[in-house]
1. Given the -39500 (n - 2.57) contribution per DSSP H run of 4+ residues, what per-residue ellipticity at 222 nm results for the chain, rounded to the nearest 500 deg cm²/dmol?
2. Under a GNM of the chain (C-alpha, springs under 10 Å), which listed residue has the highest mean-square fluctuation: 106, 211, 93?
3. Contact order normalised by length for the stretch 1-111, with contacts defined as Cα pairs under 8 Å and 6 or more residues apart; what percent is it?
4. Solvent-accessible area per residue for the chain at a 1.4 Å probe radius, Å²?
5. Would you mind telling me the share, in percent, of accessible area of the chain contributed by carbon and sulfur at probe 1.4 angstrom?
6. Over the chain, calculate the relative contact order: mean separation of alpha carbon pairs under 8 Å at least 6 apart, over the residue count, as a percent.
7. Residue separation times 0.36 nm, minus the C-alpha to C-alpha distance between residue 98 and residue 258: what's the value?
8. For the stretch 41-236, evaluate the Debye formula with one uniform point scatterer on each Cα (no solvent term) and list log10 I(q)/I(0) at q = 0.11, 0.15, 0.18 Å⁻¹, rounded to two decimals.
Amino acid sequence: MPKHNIGTREEWLAARLDLLQAEKQLTRQSDELALRRQQLPWVRIDKAYRFETDEGHASLPELFQGRSQLLVYHFMFGPDYTAGCPSCSMIADGFNGFVVHLAHHDVTLLAVSRAPLAKLQAYKERMGWSFPWVSSYGSDFNADFNVWFSEEQQREGKVEYNYRQEPVQAWRSGEEGGGESEEARFAATCGTDVATFQRDMPGMSALVLEDGIVYHTYSTYARGLDSLWGTYQWLDRAPKGRNESGGIWWRRHDEYAEP
């Protein structure tokens, strides 16, 4: 017999209708939060960032590709990595389908990483991705958006990430429920040690181009990326939920054993 509570169809319907009210409330709250994101003040960006793209050198305004809005996924793939972060890879697995729809709604979606373009292109081919992915190698872009920090900052044990000063491992070993062994395993799959792996962080940023000027409008990090992690949206509706009592379970999509 299953350990979960078993009920009649009538009992299920009563509980489901009660849950429906909570879901509707959450939807309304999500709509309100979306509006508050749009109402944040815009911050002008004057720094002349340069990126390497499949088409050659590009400035930040050129990344918009003729559109007025740009969504950037800060993908963990540092210059010393041999492969992209497995978590970022799982999130990025959904980008191919989103890109075309967003492009037809005045929004460009792309990923940015510090690794040289050749590494990104090779990994992109391995993963079977087609979405735009550019290299910020040699620029301050990742540091300025608080998704990269130096070895010196790491030695001091603090970094400004997710809008607070915290020990470099706090968001993973504490809030995320991970552990050192899991972090070491992730680092190893990227061809690095833990310290090198953790100098890059994940995040998402939104920018707008108006009258030739780029403005930063929004950024989110850590658990703020959950809503962009498509697999989790499905798991949150599965009978056993995320079911992560055993720790990190996911792999890159080409690393799973056949069921």
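The values are calculated or read from the model by the stated rules, or taken from the named source; none is laboratory data. Not measured: the values here are computed from a predicted model. As a convention, Cβ positions derive from the backbone with ideal geometry for all residues, glycine included, and neighbour counts pool all protein chains shown. For the accessible areas, the whole protein counts, side chains as well, though only heavy atoms, and no ligand, DNA or RNA atoms are used. Shrake-Rupley method; radii C 1.70, N 1.55, O 1.52, S 1.80 Å.
1. Per the formula, -9500 deg cm²/dmol.
2. The residue with the greatest mean-square fluctuation here is 211.
3. The value is 21 percent.
4. Details: 15130 Å² over 259 residues.
I get 58 Å² per residue for the chain.
5. Details: 8060 of 15130 Å².
Here carbon and sulfur together make up 53 percent of the probe-accessible area.
6. 24 percent
7. 54.9 nm
8. Log10 of I(q)/I(0), two decimals: -0.48, -0.93, -1.38.
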